[in-house]
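K.L.:
Below: one structure in structure tokens.
The values are calculated or read from the model by the stated rules, or taken from the named source; none is laboratory data. If you're wondering where the values come from, they're calculated on a predicted model, not measured in any experiment. With ideal geometry, Cβ positions are generated from the backbone for all residues, glycine too; neighbour counts draw on all protein chains shown. When the accessible area is computed, the model is the full protein with side chains, heavy atoms only, and any ligands, DNA or RNA have been set aside. Shrake-Rupley method; radii C 1.70, N 1.55, O 1.52, S 1.80 Å.
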Amino acid sequence: MAIYFFDKNQTLIKIVPESATFEAIQTQELDDDSLLKDTLSVTVKGDEKILDAEYMAVKSYTGNAQTFDMYRIVTDTTPDKSMSFTGMSLAPYELNGHI
């Protein structure tokens with residue numbers, strides 16, 4: 001699956017194709033507050049263009065072909081020739097601590 005990377009203004013920086021994606025895992029679970037915790041962990045080929053990415057997205061498996069799941073990047077690491085990112089779905093991230 002292709003990974004879409006965005007800057008702090010949610011402007012597209014780069015689309016990393018499946019051929020440059022080593023791993024992409026979406027995880028969904030209910031937390032203690034019964035909120036859906038939806039995370040995306042990806043490892044992609046190293047690229048300076050995405051060093052400052054703050055958001056990432058993947059095409060959604062539900063809805064129409066133009067539906068995406070968007071994630072706020074909460075952690076990132078840059079090993080030798082790859083880059084790893086973990087993102088949290090925007091809705092729970094924005095609602096965290098709010099009623």
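K.L.:
Quick check on segment 14-32. Is at least one of its residues open to solvent by less than 90 Å² (accessible area, probe 1.4 Å), aliphatic (A, V, I, L, M) and in contact (Cβ under 8 Å) with a residue 40 or more places away in the chain?
P.N.:
no
K.L.:
Give all pairs with beta carbons closer than 9 Å in which a residue from segment 46-65 that is at pLDDT below 80 meets a residue that is among the basic types (Lys, Arg) and open to solvent by 30 Å² or more (accessible area, probe 1.4 Å); count only pairs at least 6 apart in sequence or on separate chains.
P.N.:
65/59
K.L.:
Now a separate question. Filter segment 79-94 down to residues that are open to solvent by 90 Å² or more (accessible area, probe 1.4 Å) and not in a helix (DSSP H, G or I) and give me whichever is farthest from residue 15 (Cα to Cα).
P.N.:
80
K.L.:
Can I ask one more? Filter segment 39-54 down to the residues that are touching a Ser or Thr at 6+ places or on another chain (Cβ under 9 Å) and not in a strand (DSSP E or B) and list them by number. Let's see the steps before the verdict.
P.N.:
Initially, segment 39-54 is screened for residues touching a Ser or Thr at 6+ places or on another chain (Cβ under 9 Å), giving 39-46, 51.
Once the filter is applied, which keeps residues that are touching a Ser or Thr at 6+ places or on another chain (Cβ under 9 Å) and not in a strand (DSSP E or B), segment 39-54 yields 46, 51.
K.L.:
Can you name the residue in segment 36-78 that is surrounded by 10 or more Cβ atoms within 10 Å (Cβ to Cβ) and of a type in the set (Asp, Glu) and is also farthest from the chain's Cα centre (by Cα) among such residues?
P.N.:
Result: 47.
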